Amino acid sequence: MTSAPGPRAGDRPAESEARPSGPDARSGTGALIDRYGRTAIDLRVSLTDRCNLRCTYCMPAEGLPWLPRGEVLTDDEVVRLVRVAVERLGITEVRFTGGEPLIRPGLVDIVARVARLTPRPRLSLTTNGLGLDRLAAPLRAAGLDRVNVSLDTVDDERYARITRRRRLADVRAGLAAAATAGLRPVKINAVLLRGINDDEAPALLRFALAHGYQLRFIEQMPLDAQHGWDRTAMVTADEILAALSDQFTLRPDPVDRAGAPAETWLVDGHVDSTGGPARVGVIGSVTRPFCGDCDRTRLTADGQIRNCLFATAESDLRTPLREGADDTDLADRWRAATWPKRAGHGIDDPTFLQPHRPMSAIGG
Ligand code: SAM
Ligand code: SF4
């Protein structure tokens, strides 16, 4: 239950003296290593900044100024950059996200092409679940391994209040289709909001257990477009665990967390869809940061590399890509973008600055 050890804001970079300017230029091969010695193996690819929901903690009711079409990477460009990451940079996990990735027309084809890369990366998708009832089987056939479906409440009225759309039944259908298609374990991501669904942790867990889904709570982060996040109002990991422990017996999960952001607990007396012990997870991004173990790198829908969800700087790969850069050049730029990654997100630091892009445009 402790936060991961590792660099803290203000720590000295481990290798700064040995490699003052970052990775060797024109190396062409080698992993995505940062100056604190962390290696990125998990790539989050945002396929669009657009969305068909308007979750209050993510974007305003009227939506956002979407990226112009011409700035969004084409399917070929996405696959090219993912190929460079897999073949040259040691990426072994690729997660497609957004915005809402299911509304990207070329999604199934992109998944199929990425699934044919060597070495084949593990492929997953984070989605709000709308349309998953239709797309789960084709995505599975294309090579998708797993899905995370975002669902913050099992109450129709609350769902409409949180997402500003009345679509809970569609999400439930999407979850069921994902399980039927074999995208297991089906995971649910839930964010609790003070005064709206902060009492719903046990009900969400009962729902997940009843259907064999794996539930993870995520602490709300300062990534909303409206800048409405309030540290004093957020529902913390401790509160979530206390609420769950009132109604369930939780035991620390003996399985090593292995760098995963979620701390997991076994739920006594319950089994999951595979017959093993049921688990529930909590991602305490704010109160239990795991930056010291971070193994992620991000590609935005418009071809920018972000070495951290909370990075305030990005590295442009789209321009060199469109100007004819070769794979070696793209890989070197990606490595150089990784090297200066900060020790931690610094949310609790008085000088913390929320990133310019909201979560929906970064890719959550
Ligand atoms: N539209 C897809 C979805 O909702 O799953 C993918 C993109 S969404 C930005 C990815 C995840 O980020 C969702 O699970 C969502 O709940 C979460 N998220 C969005 N804004 C957040 C915030 N301010 N704090 C914590 N999680 C957030
Ligand atoms: Fe859309 Fe996902 Fe943001 Fe909700 S959390 S508005 S579904 S991008």
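Give the residue that is modelled with the lowest pLDDT, with candidates limited to residues of region 36-76 that are more than 16 Å from ligand 1 (Cβ to nearest atom), over 20 Å from residue 229 (Cβ atoms) and in a loop (DSSP other than H, G, I, E, B).
Of all residues in region 36-76, those more than 16 Å from ligand 1 (Cβ to nearest atom) come to 36-41, 62, 65, 68-71, 73-76.
With the extra rule that they be over 20 Å from residue 229 (Cβ atoms), the set shrinks to 36-41, 65, 68-71, 73-76.
Those left that are additionally in a loop (DSSP other than H, G, I, E, B): 36-38, 41, 65, 68, 73-74.
On the way: 36: 96, 37: 96, 38: 97, 41: 97, 65: 93, 68: 97, 73: 98, 74: 98.
Of everything passing the filter in region 36-76, 65 is modelled with the lowest pLDDT.
Table: residues versus (1) surrounded by fewer than 17 Cβ atoms within 10 Å (Cβ to Cβ); (2) more than 16 Å from ligand 2 (Cβ to nearest atom).
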position: 37; (1), (2): yes, yes
position: 42; (1), (2): no, yes
position: 48; (1), (2): no, no
position: 51; (1), (2): no, no
position: 54; (1), (2): no, no
position: 58; (1), (2): no, no
position: 62; (1), (2): yes, no
position: 66; (1), (2): yes, no
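I need the full set of residues from region 131-163 which are of a type in the set (A, V, I, L, M) and over 29 Å from residue 83 (Cβ atoms), in order please.
Going through region 131-163, the residues of a type in the set (A, V, I, L, M) turn out to be 132, 135-137, 139, 141-142, 144, 147, 149, 151, 154, 160, 162.
Listed by number, the residues that qualify are 151, 154, 160, 162.
Quick test for you: out of 153, 118, 74, pick the one residue that is hydroxyl-bearing (Ser, Thr, Tyr), more than 18 Å from the chain's Cα centre (by Cα) and farther than 29 Å from residue 337 by Cβ. Spell out the reasoning first.
Values: 118 fails: farther than 29 Å from residue 337 by Cβ; 74 fails: farther than 29 Å from residue 337 by Cβ.
When all the criteria are applied, what remains is 153.
Out of (1) assigned to a strand (DSSP E or B); (2) buried (at least 19 other Cβ atoms within 10 Å of the Cβ), what's the single condition that is false for residue 268?
(2)
Considering (1) closer than 18 Å to residue 299 by Cα; (2) of a type in the set (A, V, I, L, M, F, W, C); (3) within 10 Å of ligand 2 (Cβ to nearest atom), say which one residue 86 fails and leave the rest.
(3)
Suppose we filter 347, 305 for residues that are assigned to a loop (DSSP other than H, G, I, E, B) and of a type in the set (A, V, I, L, M); which single one remains? Please lay out each step first, then the result.
Values: 305 fails: assigned to a loop (DSSP other than H, G, I, E, B).
Answer to the selection: 347.
Across region 320-359, what is the number of residues that are acidic (Asp, Glu), within 25 Å of the chain's Cα centre (by Cα) and modelled with pLDDT of 95 or more?
We begin by selecting, within region 320-359, every residue acidic (Asp, Glu); these are 323, 326-327, 329, 332, 348-349.
Cutting the leftovers down to within 25 Å of the chain's Cα centre (by Cα) gives us 332, 348-349.
Next, only the ones that are modelled with pLDDT of 95 or more stay: 332.
Residues in region 320-359 being acidic (Asp, Glu), within 25 Å of the chain's Cα centre (by Cα) and modelled with pLDDT of 95 or more: 1 in total.
The rows are residues; the columns are (1) within 20 Å of residue 296 (Cα to Cα); (2) more than 16 Å from ligand 2 (Cβ to nearest atom); (3) touching a Phe, Trp or Tyr at 6+ places or on another chain (Cβ under 7 Å).
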residue	(1), (2), (3)
74	no, yes, no
92	yes, yes, no
99	yes, no, no
125	yes, no, yes
131	no, no, no
135	no, no, no
146	yes, yes, no
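Would you confirm whether any residue within region 163-177 is among the aliphatic types (A, V, I, L, M), closer than 24 Å to residue 261 by Cα and surrounded by fewer than 20 Cβ atoms within 10 Å (Cβ to Cβ)?
no
Picking from 174, 195, which residue would you name as being assigned to a loop (DSSP other than H, G, I, E, B) and either over 19 Å from residue 61 (Cβ atoms) or out of contact with any Pro (no Cβ under 8 Å at 6 or more places or on another chain) (or both)?
Details: 174 fails: assigned to a loop (DSSP other than H, G, I, E, B).
Only one candidate passes the filter, namely 195.
Could you list, in sequence order, the residues of region 287-342 that are in contact (Cβ under 8 Å) with a residue 40 or more places away in the chain, surrounded by fewer than 21 Cβ atoms within 10 Å (Cβ to Cβ), among the small types (Gly, Ala, Ser) and over 18 Å from residue 259 (Cβ atoms)?
The answer is 336, and nothing else.
In region 164-204, what residues are in contact with a strand residue (DSSP E or B) (Cβ under 9 Å, 6 or more places away or on another chain), at pLDDT 95 or above and either within 27 Å of residue 228 (Cα to Cα) or among the basic types (Lys, Arg) (or both)?
Selection gives 171, 187, 188, 189, 190, 191, 192, 197, 200, 201, 204.
Regarding region 220-227, can at least one residue be identified that is in contact (Cβ under 8 Å) with a residue 12 or more places away in the chain, touching a Phe, Trp or Tyr at 6+ places or on another chain (Cβ under 8 Å), of a type in the set (Asp, Glu) and not in a loop (DSSP other than H, G, I, E, B)?
Start the filter on region 220-227 by keeping residues that are in contact (Cβ under 8 Å) with a residue 12 or more places away in the chain, which leaves 220-227.
Next cut, touching a Phe, Trp or Tyr at 6+ places or on another chain (Cβ under 8 Å) only: 220-224.
Right, trim to of a type in the set (Asp, Glu) and you get 224.
From the residues that got through so far, the ones that are not in a loop (DSSP other than H, G, I, E, B) too are none.
No, there is no match, as no residue in region 220-227 is in contact (Cβ under 8 Å) with a residue 12 or more places away in the chain, touching a Phe, Trp or Tyr at 6+ places or on another chain (Cβ under 8 Å), of a type in the set (Asp, Glu) and not in a loop (DSSP other than H, G, I, E, B).
Taking the conditions exactly as written (more than 30 Å from residue 357 (Cα to Cα) and of a type in the set (D, E, K, R)), does residue 268 satisfy them or not?
Numbers: more than 30 Å from residue 357 (Cα to Cα): yes; of a type in the set (D, E, K, R): yes.
Yes; evaluated as a whole, the condition is true for this residue.
List pairs: first in region 128-156 and within 20 Å of residue 48 (Cα to Cα) and modelled with pLDDT of 95 or more, second within 16 Å of ligand 2 (Cβ to nearest atom) and part of a loop (DSSP other than H, G, I, E, B), Cβ under 6 Å, 6+ apart or cross-chain?
128/53; 128/100; 130/52; 130/167; 149/129; 150/128
Name every residue in region 213-250 that is away from ligand 1 (no atom under 15 Å from the Cβ) and modelled with pLDDT under 95, in order of residue number.
Within region 213-250, 232 is the sole residue that qualifies.
Does region 18-31 include one or more residues that are of a type in the set (Ser, Thr, Tyr), modelled with pLDDT under 95 and crowded, with 18+ Cβ neighbours inside 10 Å? Step through it out loud before you land on a result.
As a first pass, look at region 18-31 and keep what is of a type in the set (Ser, Thr, Tyr): 21, 27, 29.
Imposing the further condition that a residue be modelled with pLDDT under 95 reduces the set to 21, 27, 29.
From the residues that got through so far, the ones that are crowded, with 18+ Cβ neighbours inside 10 Å too are none.
No, there is no match, as no residue in region 18-31 is of a type in the set (Ser, Thr, Tyr), modelled with pLDDT under 95 and crowded, with 18+ Cβ neighbours inside 10 Å.
Before we move on, is residue 100 modelled with pLDDT of 95 or more, within 18 Å of the chain's Cα centre (by Cα) and among the acidic types (Asp, Glu)? Steps first, answer last, please.
On the way: modelled with pLDDT of 95 or more: yes; within 18 Å of the chain's Cα centre (by Cα): yes; among the acidic types (Asp, Glu): yes.
The answer is yes for residue 100.
The values are calculated or read from the model by the stated rules, or taken from the named source; none is laboratory data. The structure displayed is predicted, hence computed values, not measured ones. Note: ideal-geometry Cβ built from the backbone for every residue, glycine included; neighbour counts use all protein chains shown.
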